1. In the range 49-152, if every C-alpha pair distance is counted and binned at 5 Å from zero, what percent goes to each bin?
2. In debye to the nearest 20, how big a dipole does the chain give about its Cα centre with +1 on each Lys and Arg Cβ and -1 on each Asp and Glu Cβ?
3. All other residues with a Cβ under 12 Å from the Cβ of Ala129 taken together, and with Lys, Arg as +1 and Asp, Glu as -1, what is their net charge?
4. Under the rule a/c < 1.5 gives rounded, and otherwise a/b versus b/c splits prolate from oblate, where does the range 243-315 land using the Cα gyration tensor?
5. Just to be sure I follow the definition: excluding the sites themselves, where is the longest run in the chain that has none of the GluC sites (Glu not before Pro) in a DSSP loop with at most 12 other Cβ atoms within 10 Å?
6. By how many degrees, between 0 and 90 and to the nearest 10, does the Cα long axis of helix 258-268 differ from the longest principal axis of the chain?
7. Relative contact order of the range 414-490, please, whole-number percent, based on alpha carbon pairs below 8 angstrom and at least 6 residues apart.
8. For the range 352-490, just say rounded, prolate or oblate: build the C-alpha gyration tensor, square-root its eigenvalues into a ≥ b ≥ c, call rounded for a/c under 1.5, and beyond that prolate if a/b exceeds b/c, oblate if not.
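The values are calculated or read from the model by the stated rules, or taken from the named source; none is laboratory data. The structure displayed is predicted, hence computed values, not measured ones. Heads up, the Cβs are rebuilt from the backbone with ideal geometry, glycines too, and the neighbour counts pull from every protein chain shown. Side chains included, ligands, DNA and RNA excluded: accessible areas come from the protein's heavy atoms. Shrake-Rupley method; radii C 1.70, N 1.55, O 1.52, S 1.80 Å.
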Amino acid sequence: MDQKQRPQVEVPTTPRVLIFPLPAQGHVTSMLTLAELLSLCGIDVTFLNTDHVHNRLFRHADIEARFADYPGLLFRTISDGLPDDHPRSNDRSITEVLHSMIATTKPVLNEMLVSGALGSVTCIIADGAFAGFVTNSACELHVPIIYYQPASACCLWTLLCFDDIIKAGELPIRGKEDMDRIITSVPGMKSFLRCRDLPSFCQVNDTSATKINPVARAIRQSCSAQGIILNTFEELEGPIISHIIRSFCPNTYTIGPLHAHLKHKLAKKNVSKSDQSSNSIFEVDRKCMDWLDSQPPKSVIYVSFGSITTLTRDALLEFWHGLVNSNVRFLWVVRPDMLTGECAGEVPSELLEATRERGYMVRWAPQEEVLSHRAVGGFLTHSGWNSTLESIVAGVPMICWPYFADQQINSRFVGEVWKLGIDMKDVCDRKIVEKMVIDLTVERREEFLKSTAKMARLAGESVCEGGLSDSNFDRLVEYIRLTAKEKSAR
Ligand code: UDP
């Protein structure tokens, strides 16, 4: 039979997704979880990290063992263009990382994609904070881009309404005394959104130049892509998600909380993974788990401000006094790179003494495990989106002390809308810290136990069979398969 007479055999194209997170702990954590979820469903993934993040991830997390069962999952690296000794840690450094990556990483990434160095990619899942990074090569390769949104839906929706807020004359903010003014031009938030609750990117005092932060601008742009993925669930942010779908992005996949989703799918497939597996780019100190084991149920408040927040020595001392004076036991994460400014001087001995009696400090904790430990009864948090979801899934009430980005609006929703805790934003005073800790763990304990248990149940149901996050994930997988087939048919 000559070549021409042979029946045409359709060459199956295995879908391969490129996933590329912004090089920060919160983004890497959740996008790696998404990579594992997709791998479990038989989708090949190329996970691209900057060299810096890749090295730290492989040093501190058990990546090799964890992903050994997924031969289709490739780890690849790219330079962020910065010298080895650049700190790359706090919020200021991250802006520098971004600028460097736009100048040096972007062209290299496009080359790698087009040359096939990242595998035969059929779909790109890019970080919403990086919109525009891969647009040209996606067009050249004829592959769709779906943007993973690292922030809450309520933050995303506010960013999308930013121009309307300005048009309505509700921005700029005119000084400190203006911070409690209600913003009425964001549908779904008209009665409770104050200037101080706007994502920090939107808290502008000059709209003439519309000095919107590049990350916020990228996140807005990304909503015009073929699809967006949200790490949230309908029962938590349903009305806000509907606004986003109706007004900006009809192809929205709400599939969170991702970490709970993965846990459920692994259990369903009987894949036994260590409870201690982590996505950390910091060295995890597990000794605090032994300390927690020796504490009474729900007696400990866990304190962590995430991977980027910095504190002055004064602020650190206000928190410390407040915690000690509350007489509540505490487990506190103080990263070595967390303190700024003048850190010299002795820590008062009564603080050290009380910490030895009923407190424990670590540089980095296994947070998911800590939050689900029976001894933990509250979380003093910076309201990062991953931390918020982890607390919700574990059913732990929160005291919120937001620092920047989406944290300001997340904490408003925690306190005012979801009633899962107390918002302490813009205050750092030992008396208030003490009062809030007592309110959360003693005075209003029953109220929060009820509301957090209910939301934890809803989060769990959403990722189980028949739940909305579960069916949205099936839809996403179907879309990825379909676009791979279309590519092979071209
Ligand atoms: N985290 C951790 N150990 C710690 C502190 C934080 O594992 O001691 C993890 C936490 O579980 C979360 C991530 O770091 O998954 C922080 O992400 P988030 O979005 O809450 O805040 P960000 O660090 O981006 O400000």
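1. Spelled out per bin, shortest first, that is 2, 10, 18, 22, 22, 17, 8, 1.
2. The calculation lands at about 860 debye.
3. 0
4. Oblate, because a/c is 1.5 or more while a/b does not exceed b/c.
5. 11-282
6. 70 degrees
7. Relative CO of the range 414-490 lands at 17 percent.
8. It is prolate, given that a/c is not under 1.5 and a/b is the larger ratio.
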